[in-house]
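The values are calculated or read from the model by the stated rules, or taken from the named source; none is laboratory data. Source: prediction; values computed, not measured. Neighbour counts are summed over all protein chains in view; Cβ atoms, including those assigned to glycine, are modelled from backbone coordinates with ideal geometry.
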Amino acid sequence: MVAEEVPSSPRLLDHLQELARRARRVLLEVLAVLAIYFAVGITEVKVAGVKVPVPYPTIFQSLSSDFARFLLQTELPKGMTVITVSPFEPIYADLMISIFLAVFTLMPLILREVWGFVSPALYRHEKRLVRYSVLPSIALFAAGASFAYFVIIPAVLKFVMVYDVYLGVKPTIGLQAFVNFLVALMLGTGLAFEFPLVMSGLTYVGAVKSSTWKRNWRWGVVASFVIALIISPGTTGGLIETVIGATLTALYFVGVVASSAIEGRRSPLQ
């Protein structure tokens, strides 16, 4: 007796093919923009007495190199020196910055591809939730990244420099470590600031009631400080961790208020 062959689902294959097609398109776009940031610079040429910016191929004065130099000039405390400890460290640092800038630049296109893939499977109220969440999510991520850039990173680097001086050690930091530190902390803090939006979204779709957020506020505070310990560098004796934890705790209570307002205004199925 021959076992009957189970036919594959053409609908599932169509979804997988569409996912692969959209992922491939995003990857090619990121690589193209990454190459521009990594290997293209901008110079000024006078045309009829007017300075005109003109792109030209270079890896030494590329857009990513200029941005790395800007970060070093604005974030590095006076008295601290950046060093390279491996031959390819500058290239790696430029590449990391190029990836960061490329993803940041193409985020609207990436979100459009994600939306194009998932939107056919969503209910009407879920589509409305996603549309209403785009601008707040961007604003919260920008606020978190700015908080890391203007508050956390300068404070940590200043603390490390002062501690080095106290120990009689010349304050230095590796270029690769510096770039990794900036990118990771800005990304981590930006994502952590999405706290109230995630809470509100879960309440909107009916997954978590607002009373649950209120009742378990102590766990919210604990989670805030756990996240602070995860994303912080852990080199300031708890100072930065406390600041991040207190900020995320405040955002948790913002999420409690927002979820209560959402639950009071509408039903998730409306």
Options Leu63, Leu27; residue that is touching a Phe, Trp or Tyr at 6+ places or on another chain (Cβ under 8 Å) and not aromatic (Phe, Trp, Tyr): Leu63
Answer yes or no as to whether Val52 is crowded, with 16+ Cβ neighbours inside 10 Å and among the hydrophobic types (A, V, I, L, M, F, W, C). no
Out of (1) of a type outside the set (S, T, N, Q); (2) surrounded by 15 or more Cβ atoms within 10 Å (Cβ to Cβ); (3) closer than 29 Å to Tyr132 by Cβ, what's the single condition that is false for Arg215? (2)
Do you know which residues across the stretch 188-212 are surrounded by 18 or more Cβ atoms within 10 Å (Cβ to Cβ) and touching a residue at least 60 places away in the same chain (Cβ under 8 Å)? Phe195, Pro196, Leu197, Met199, Ser200, Gly201, Thr203, Tyr204
In the set Arg69, Arg24, which member is among the basic types (Lys, Arg), over 30 Å from Val165 (Cβ atoms) and in a helix (DSSP H, G or I)? Arg24
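Mind checking which residues of the stretch 79-107 are under 28 Å from Tyr166 (Cα atoms), surrounded by 12 or more Cβ atoms within 10 Å (Cβ to Cβ) and of a type in the set (A, V, I, L, M)?
Initial filter on the stretch 79-107 (under 28 Å from Tyr166 (Cα atoms)): 79-86.
Subset that is surrounded by 12 or more Cβ atoms within 10 Å (Cβ to Cβ): 79-80, 82-84.
The answer is Met80, Val82, Ile83.
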Only one of (1) modelled with pLDDT of 90 or more; (2) closer than 21 Å to Ala184 by Cβ; (3) not β-branched (Val, Ile, Thr) is not met by Phe88, so which one is it? (1)
Identify the single condition in (1) part of a helix (DSSP H, G or I); (2) touching a Ser or Thr at 6+ places or on another chain (Cβ under 8 Å); (3) under 18 Å from Phe60 (Cα atoms) that Val82 does not satisfy, given that it satisfies every other one. (1)
